[in-house]
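Trainee: One structure follows; several queries about it will come next.
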Amino acid sequence: MAPRKLAAGNWKMNGDLATLAQINAMAGAVRGASCDVLICPPALLVPALVAKGVVRVGGQDCHAEASGAHTGDISAAMLRDAGATHVILGHSERRADHHETDDVVRAKARAAHQAGLVAIICLGETGDQRDAGQTLEVIAAQLAGSVPEGATAANTVIAYEPVWAIGTGRTPTTGQIAEVHARLRADLSARLPDGAEVSLLYGGSVKGANAAEIFAIPHVDGALVGGASLTAGDFLPIVTALD
Ligand code: PEP
C-alpha cells in the first residue's frame, strides 16, 4: 500500500477560540479531500476543534507517562480522551526549548502508541550541521534514536524539518529534500516490516506557492506546516496541492 497523504498544521502557541472560525472556512474543501487533513492546536483548543468534526485533531506534545505527578504536562491518553488522533513529538522547538533528546522523544512515542495515537516524529539538521556536511548522519541518528520498537505505518509518521527552514522562509532545494527523504525511506524499510508505507512529511516554510513542487519530490507524502496553517486562505492551497 502507498503511504497515506497527510497535510498537517502545527499552530504552535498561537490561536484562541475565535481562531477556530478558520476551520469553518476549510470545511467544504477538507470534506472533499482524499488526503488526511490534521490540525494540531494548543492543547486547550483540542476539544473545541474536535467538536467541529471537520479535520483530524492532534496534540503538539505529550508526557511519556500515562499519569502522575507531572505538573503542567498532559498525557497521550488525555489527548486521546479529548478526541485527538495524532501527536507531534520531537519538534525542534521542543528539542531546543525543553532539551528533549532522542531518548525522550522515543519514550513519548511509545506512550502515544500505547494510547492509540499516531506519533508524528520530527527530525532535522541545524544550519551548522548542513554546512558541515552532516545532514544524512544527523537525520539517520535521530531516526534510529527516536522511533520506538513497535512502530508501524499505522501508528507513526516521520516529519523531516530542517531547523534552519522553520519559520524562516528558506527551504532546501528539491534535491536536498529528495536526498533526505530517500535516506529516511531506506532506513525505515530496513527497520520496519511496513517501512515503505510510513508517511514522510516535509516541514519548513511550506506555503501555497511552493507546495506542489515539494509534493512532487519522491517519498514526500505530505507536509507539516507551521505559519501557513493558521488561516484557511494560506492552508487550503497546500491541501489542494497535495490532494
Ligand atoms: C513547523 O514549525 O513545524 C514549521 C514547519 O513551521 P513553518 O511552516 O512556519 O516553517
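Trainee: Does Ala119 qualify as being assigned to a helix (DSSP H, G or I) and either crowded, with 22+ Cβ neighbours inside 10 Å or within 14 Å of the ligand (Cβ to nearest atom) (or both)?
Mentor: no
Trainee: Pick out the one residue from Glu149, Glu179 that is more than 16 Å from the ligand (Cβ to nearest atom), part of a loop (DSSP other than H, G, I, E, B) and more than 28 Å from Pro41 (Cβ to Cβ).
Mentor: Glu149
Trainee: Within the set of pairs 6+ apart or on separate chains, which have a first residue in the stretch 208-219 that is in contact (Cβ under 8 Å) with a residue 40 or more places away in the chain and farther than 19 Å from Leu236 by Cβ, a second that is assigned to a helix (DSSP H, G or I) and among the β-branched types (Val, Ile, Thr), and C-beta atoms under 6 Å apart?
Mentor: Ile217/Thr174; Ile217/Ile177
Trainee: For the stretch 1-27, which residues satisfy the criterion of being basic (Lys, Arg) and on the phi > 0 side of the Ramachandran plot?
Mentor: The one that is basic (Lys, Arg) and on the phi > 0 side of the Ramachandran plot: Lys12.
Trainee: Residues to consider are Arg110, Arg94; find the one that is surrounded by fewer than 19 Cβ atoms within 10 Å (Cβ to Cβ), within 16 Å of the ligand (Cβ to nearest atom) and basic (Lys, Arg).
Mentor: On the way: Arg110 fails: within 16 Å of the ligand (Cβ to nearest atom).
Of the residues listed, the single one that is surrounded by fewer than 19 Cβ atoms within 10 Å (Cβ to Cβ), within 16 Å of the ligand (Cβ to nearest atom) and basic (Lys, Arg) is Arg94.
Trainee: Is it the case that the stretch 220-234 has a residue that's at pLDDT 95 or above, among the hydrophobic types (A, V, I, L, M, F, W, C) and more than 28 Å from Asp131 (Cα to Cα)?
Mentor: Yes, the stretch 220-234 has at least one match.
Trainee: Which one is farthest from the ligand (Cβ to nearest atom), of the residues in the stretch 207-239 that are over 16 Å from Thr19 (Cα atoms) and part of a loop (DSSP other than H, G, I, E, B)?
Mentor: Pro218
Trainee: Within the set of pairs 6+ apart or on separate chains, which have a first residue in the stretch 159-179 that is among the hydrophobic types (A, V, I, L, M, F, W, C), a second that is part of a loop (DSSP other than H, G, I, E, B) and within 12 Å of the ligand (Cβ to nearest atom), and C-beta atoms under 6 Å apart?
Mentor: If the second residue must be part of a loop (DSSP other than H, G, I, E, B) and within 12 Å of the ligand (Cβ to nearest atom), the pairs left are Val163/Gly124; Ala165/Thr171; Ala165/Gly204; Ala165/Ser205; Ile166/Gly204.
Trainee: May I ask you to say which residue of Ser199, Ser205 is among the polar types (S, T, N, Q) and closer than 19 Å to Arg95 by Cβ?
Mentor: Values: Ser199 fails: closer than 19 Å to Arg95 by Cβ.
Unique residue meeting the criteria: Ser205.
Trainee: Let me ask something additional. In contact with a strand residue (DSSP E or B) (Cβ under 6 Å, 6 or more places away or on another chain), under 20 Å from Gly222 (Cβ atoms) and not small (Gly, Ala, Ser), is that true of Ile166?
Mentor: Criteria not met by Ile166.
Trainee: Any residue in the stretch 7-15 that is within 26 Å of Asn210 (Cβ to Cβ) and surrounded by fewer than 17 Cβ atoms within 10 Å (Cβ to Cβ)?
Mentor: Within the stretch 7-15, one or more residues are within 26 Å of Asn210 (Cβ to Cβ) and surrounded by fewer than 17 Cβ atoms within 10 Å (Cβ to Cβ).
Trainee: All but one of (1) in a strand (DSSP E or B); (2) touching a Pro at 6+ places or on another chain (Cβ under 6 Å) hold for Ala109; which doesn't?
Mentor: Ala109 satisfies all of (1) in a strand (DSSP E or B); (2) touching a Pro at 6+ places or on another chain (Cβ under 6 Å) except (1).
Trainee: Additional query: Sort out which residues of the stretch 150-167 are farther than 17 Å from Asp131 by Cα and of a type in the set (Val, Ile, Thr), and write them in order of number.
Mentor: Once the filter is applied, which keeps residues that are farther than 17 Å from Asp131 by Cα and of a type in the set (Val, Ile, Thr), the stretch 150-167 yields Thr152, Thr156, Val157, Ile158.
Trainee: Glu161 - would you say it is under 18 Å from Ile121 (Cβ atoms) and in contact with a Phe, Trp or Tyr (Cβ under 8 Å, 6 or more places away or on another chain)?
Mentor: yes
Trainee: OK, next. I'd like the residue in the stretch 187-207 that is over 13 Å from Ile158 (Cβ atoms) and within 17 Å of the chain's Cα centre (by Cα) and, out of all such residues, is surrounded by the most Cβ atoms within 10 Å (Cβ to Cβ).
Mentor: Of everything passing the filter in the stretch 187-207, Val206 is surrounded by the most Cβ atoms within 10 Å (Cβ to Cβ).
The values are calculated or read from the model by the stated rules, or taken from the named source; none is laboratory data. Predicted, not measured: the structure shown is a model, and the values here were computed from it. In this analysis, Cβ positions are derived from the backbone assuming ideal geometry, glycine residues included, and neighbour counts consider all displayed protein chains.
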